[in-house]
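The structure under discussion appears below in the form of structure tokens.
The values are calculated or read from the model by the stated rules, or taken from the named source; none is laboratory data. All values reported here derive from a predicted model rather than from experimental measurement. Here Cβ is always computed from backbone atoms with ideal geometry, including for glycine, and neighbour counts include all displayed protein chains. The accessibility values were calculated without ligands, DNA or RNA, using every heavy atom of the protein model including side chains. Shrake-Rupley method; radii C 1.70, N 1.55, O 1.52, S 1.80 Å.
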Amino acid sequence: MSDVFVSVGTDHHPFERMLDWAEMLHGQLGLDVLVQRGATPARNNLRSVDYLSQPDLRAELSSTKSVVCHGGPGTIAVAMEHGHRPVVVPRNPSRGEHVDDHQMRYAAELERQGVIDIARSSVDLIRMLSEPRPVSVPDVSRSTAAVSEFERLVGDLLAGTAPKRRLRDRVLIRRTK
């Protein structure tokens with residue numbers, strides 16, 4: 001268990017800025033920080049792992065007090081599924097942290113919806129984790145149900161138990177009179 005779980009995701013681009021800020025959380029606030037650092041090199045004074053398995057990630061999210069993560073939709077969604085309002089630090093392509101700005105655009109939309117907070121600087125991050133923050137657990141039951149249904153359909157397909165459709169139901173273009 002950690003006070004703060006920080007995730008940079010699995011992208012191959014290093015995310016040095018995130019580890020710099022994680023070191024500040026540990027040094028300035030004295031928080032116990034665990035970093036999933038991906039392709040970013042380890043730091044001697046920071047407890048970190050390169051990657052976590054899904055079960056280990058879920059266990060960490062279940063026990064940590066706060067989550068700081070990159071702007072990846074998957075990481076944000078799983079953090080919210082575990083009841084967190086994540087502080088998001090989107091990867092910035094102009095800093096060589098990603099290939100495009102999709103994380104910045106996605107995070108801006110979620111911030112507009114009021115379900116995440118974006119730390120635009122280390123000062124923002126320190127402030128957000130040193131003051132009480134609103135907890136907003138969105139209703140993820142619809143997305144969870146959709147994922148479960150998709151898993152069931154794929155499972156049926158792979159097992160060969162998916163119902164066969166008639167040829168006329170599979171034709172995309174039909175002649176009309």
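Rolling a 1.4 angstrom probe over the protein heavy atoms with all chains in place gives region 1-93 an accessible area of 41 Å² per residue. Model label sites at Ser130 and Arg58, defined 7 Å from Cα along the beta-carbon direction, differ in position by 3.7 nm. Distances between placed amide hydrogens fall under 5 Å for Val6 paired with Leu34, Val35, Gln36, Val68, all partners being 5 or more residues away or on another chain.
Scaled to the globular estimate 2.2 N^0.38 Å, the Cα spread of region 1-41, given as radius of gyration, is 1.12. Between Ala162 and Tyr51, the modelled label-to-label distance comes to 2.7 nm, taking each label 7 Å out from Cα in the direction of the beta carbon.
Highest first, please rank the peptides 23-35, 94-106, 44-56 by the mean number of other Cβ atoms sitting within 10 Å of their residues.
Values: 23-35: 17.5, 94-106: 14.8, 44-56: 11.8.
So the order, starting with the most tightly packed, is 23-35, 94-106, 44-56.
Taking the 1.4 Å solvent-accessible surface of region 1-90 as the whole, the part contributed by carbon and sulfur is 51%. Between amide H atoms placed 1.01 Å from N, distances below 5 Å from Thr64 occur with Ser2, all of them 5 or more places distant or on a separate chain.
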